[in-house]
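Here it is, the structure in full.
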Amino acid sequence: MKWFALSTPIPWPRGLTTTPEANQQIAGTPPAEFAADVQELRRLLELFTQSPRKFSWEPHPIFSEMTDSQWMRWGYLHMDHHFRQFGA
């Protein structure tokens with residue numbers, strides 16, 4: 001499943017249920033103030049795209065252990081998925 005999700009050119013489908021730890025209404029981070037959330041997203045994007053990394057990756061909740069390259073691919077696909085979802 002990891003290879004398929006990260007390697008195929010097919011856009012991720014809409015409406016997939018997220019994991020509980022990422023769900024804002026269960027155990028994820030609840031939304032706060034939109035402008036502050038956007039600022040935090042920008043800060044985290046800077047952190048995650050630094051080279052060399054100043055942190056180590058935790059296992060992905062669905063795909064388990066991933067390489068740095070796989071995390072970068074997943075990050076791109078995840079952002080693209082949400083940009084499409086919200087028409088950005």
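Quick test of your reading of the structure: Asp37 fulfils all but one of (1) surrounded by 10 or more Cβ atoms within 10 Å (Cβ to Cβ); (2) charged (D, E, K, R); (3) within 19 Å of Trp74 (Cβ to Cβ). Name the failing condition by number.
If we test Asp37 against (1) surrounded by 10 or more Cβ atoms within 10 Å (Cβ to Cβ); (2) charged (D, E, K, R); (3) within 19 Å of Trp74 (Cβ to Cβ), just (3) comes out false.
Also, quick follow-up: Looking at segment 36-85, which of its residues are assigned to a helix (DSSP H, G or I) and in contact with a Pro (Cβ under 8 Å, 6 or more places away or on another chain)?
Matches in segment 36-85: Asp37, Asp80, His81, Arg84.
To continue, here is another question. If the Cβ limit is 6 Å and pairs must be 6+ apart or interchain, which residue in segment 50-73 that is more than 16 Å from Trp3 (Cβ to Cβ) pairs with which residue that is of a type in the set (A, V, I, L, M)?
Listed by first residue and then by second, the contacts come to nothing, as the list is empty.
Which residues, counting only those in segment 40-88, are of a type in the set (Phe, Trp, Tyr), over 12 Å from Trp12 (Cβ atoms) and out of contact with any helix residue (DSSP H, G or I) (no Cβ under 9 Å at 6 or more places or on another chain)?
Phe86
Each reported figure results from applying straightforward, stated rules to the coordinates on display, with no laboratory input. Because the structure is a prediction, the values reported are computed rather than measured. Don't worry about glycine lacking a Cβ; one is built from the backbone with ideal geometry, like all the others, and counts go over all protein chains shown.
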